[in-house]
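Structure first, then comments.
The values are calculated or read from the model by the stated rules, or taken from the named source; none is laboratory data. All values reported here derive from a predicted model rather than from experimental measurement. For neighbour counting, all protein chains shown are included, and Cβ atoms are generated from backbone atoms with ideal geometry for every residue, glycine included. We work out accessible area using only protein heavy atoms, side chains counted, and drop any ligands, DNA or RNA first. Shrake-Rupley method; radii C 1.70, N 1.55, O 1.52, S 1.80 Å.
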Amino acid sequence: MEGEQETRLQLQMLRAVVDGMIQRKFGRVVNITSGAVKAPIPELGLSNGARTGLTGFIAGLSRTTVRHNVTINNLLPGPFETDRLRSNLEFNAKKTGKTAAELRKVRTDANPAGRFGTIEEFGDACAFLCSAQAGFITGQNLLMDGGQYPGTF
């Protein structure tokens with residue numbers, strides 16, 4: 001349900017801002033979805049579907065707005081060092097009888113980067129997509145997961 005509500009809110013926000021951006025001949029929209037768009041997470045069934053649907057919608061819409069210098073892209077974060085990640089580690093530690101540090105090590109060891117992403121890295125990628133220099137990038141899905149996704153597309 002959480003993913004569906006987020007998707008609905010993102011679509012409402014798009015409707016509220018895109019026409020004005022087109023009139024001004026400049027705009028940048030960056031949706032933050034999830035790496036689950038490329039590799040669905042079993043526990044997030046409906047959320048996976050809602051985010052994937054939003055991604056498809058953005059692909060089409062972005063190709064109609066770019067002519068007006070309005071780009072729309074998606075950031076697909078994987079594991080980032082956030083309060084949510086830390087609370088999930090704590091929650092799962094209690095469930096499994098392991099420590100959060102043990103679970104953290106398992107997750108970082110499994111990631112090709114050997115770590116979680118930083119909020120600064122995420123912010124920098126978002127800032128670039130919002131910049132005037134990113135005017136030729138639209139309808140794209142930037143997966144930020146430290147190389148975790150095994151595919152090439």
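Tabulated data
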| item | result |
| --- | --- |
| Relative packing of peptides 47-54, 139-146 - highest average C-beta neighbours within 10 Å first | 47-54, 139-146 |
| At R0 = 22 Å, FRET efficiency that the Cβ-Cβ distance of ALA39 and LEU85 yields, to 0.05 | 0.85 |
| Sum of side-chain charges, GLN140 neighbourhood, beta-carbon under 14 Å (Lys, Arg +1; Asp, Glu -1) | +3 |
| Burial order of peptide ranges 81-90, 63-72, 34-43 (average beta-carbon count within 10 Å, highest first) | 63-72, 34-43, 81-90 |
| Solvent exposure of region 5-153 as accessible area per residue, Å², 1.4 Å probe | 61 |
| Convex hull volume of the chain per residue (C-alpha atoms, cubic angstrom) | 118 |
| Net +/- balance of residues flanking THR99 in space, Cβ distance below 11 Å, scoring K and R +1, D and E -1 | +2 |
| Helix-derived mean residue ellipticity, 222 nm - over the chain, DSSP H n ≥ 4, -39500 (n - 2.57), to 500 | -17500 deg cm²/dmol |
| Carbon and sulfur %, accessible surface of region 15-153 computed with the full protein complex present, 1.4 Å | 60 |
